[in-house]
Amino acid sequence: MLDAEAHFCENCGARVIKNRITTKFLFSELLTSLGWDSLYFRTLKKMFFKPQDVLVEYIGGTRRKYINPFSHLLIGVALLLTVMNIFKKDFDNIMYAINKNQVEIAEKDLSKLEGTISEKEMKDLKRKQESAQVGLQFGGSFLKYFNVVALLFIPVLALISKLTYRKPHNYGEHIVINSYLYGTSMYFSTILLLMAVFIHPKIYFASSFVFMFYYLLVLSKMYKHSFGTALLKLLRFLLFFILVVLAVILITSVIVIVVALFNKVLLK
């Protein structure tokens with residue numbers, strides 16, 4: 001029998017643990033047995049509670065502690081896509097609610113309005129309808145190839161964050177930063193999607209705001225910015241982001257129009 005004051009076992013040398021077994025201890029042991037202390041869960045926990053530590057340590061060279069940024073991103077994307085597919089009907093209804101005006105314009109039968117409105121008004125409606133159809137087509141392709149788009153989106157986000165937070169990190173390090181942050185945003189989107197399914201569809205509208213707030217919070221802590229500086233940086237980030245999105249939409253619209261015209265020529 002061990003001595004009451006002993007700190008180590010005399011036979012095997014094991015450390016003597018004097019704390020009593022509690023429910024909290026058993027729950028902790030269960031999580032450990034399920035791999036809660038694995039690289040994946042360790043990274044995920046820190047990206048929720050101390051994300052700036054993950055970014056600083058990984059970029060600084062302490063990389064074996066965490067799952068690599070691309071795996072973190074792909075797991076997050078896979079989880080969101082899985083939830084989208086499980087609740088596909090609910091997700092379609094949510095997306096319809098978000099794009100309701102665009103859908104109504106895109107599906108409107110303009111032939112019924114001929115003779116009731118001026119030629120100029122008809123041209124404006126046709127232009128709006130074409131824009132709505134392009135937008136919905138772009139959104140459908142975005143969701144269909146979401147896993148590929150998520151990967152392609154990282155270099156764009158990294159460029160924007162590099163232009164916004166110029167020093168001290170290089171472009172490659174910004175790819176790491178954005179892979180971790182965008183990957184974690186997939187978990188926020190998954191949580192909000194589930195809340196939208198079970199509580200109210202409009203909750204999913206908050207996903208973009210949560211994403212921006214998370215970026216603001218993490219990068220302000222990472223760069224040790226004051227609230228005012230962090231807000232200015234976020235506005236600068238959003239400006240670059242809007243310009244890039246508009247450029248992508250413009251290029252996509254041109255491609256869609258060119259392909260449509262090409263198909264019309266072939267059909268004649």
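Every number in this text was worked out from the coordinates using simple rules, so none of it is lab data. Everything quoted here is computed from the prediction, not taken from an experiment. Heads up, the Cβs are rebuilt from the backbone with ideal geometry, glycines too, and the neighbour counts pull from every protein chain shown.
Structural remarks
- Modelled label positions at Asp92 and Ile251, each set 7 Å beyond Cα in the direction of Cβ, lie 3.2 nm from each other.
- Applying a threshold of 26 Å to the alpha-carbon distances of Lys89/Lys126; Lys45/Lys221; Lys162/Lys221 flags Lys89/Lys126 as lying beyond it.
- Residue-count net charge about Tyr58 - beta-carbon cut-off 14 Å; Lys, Arg +1, Asp, Glu -1: +3
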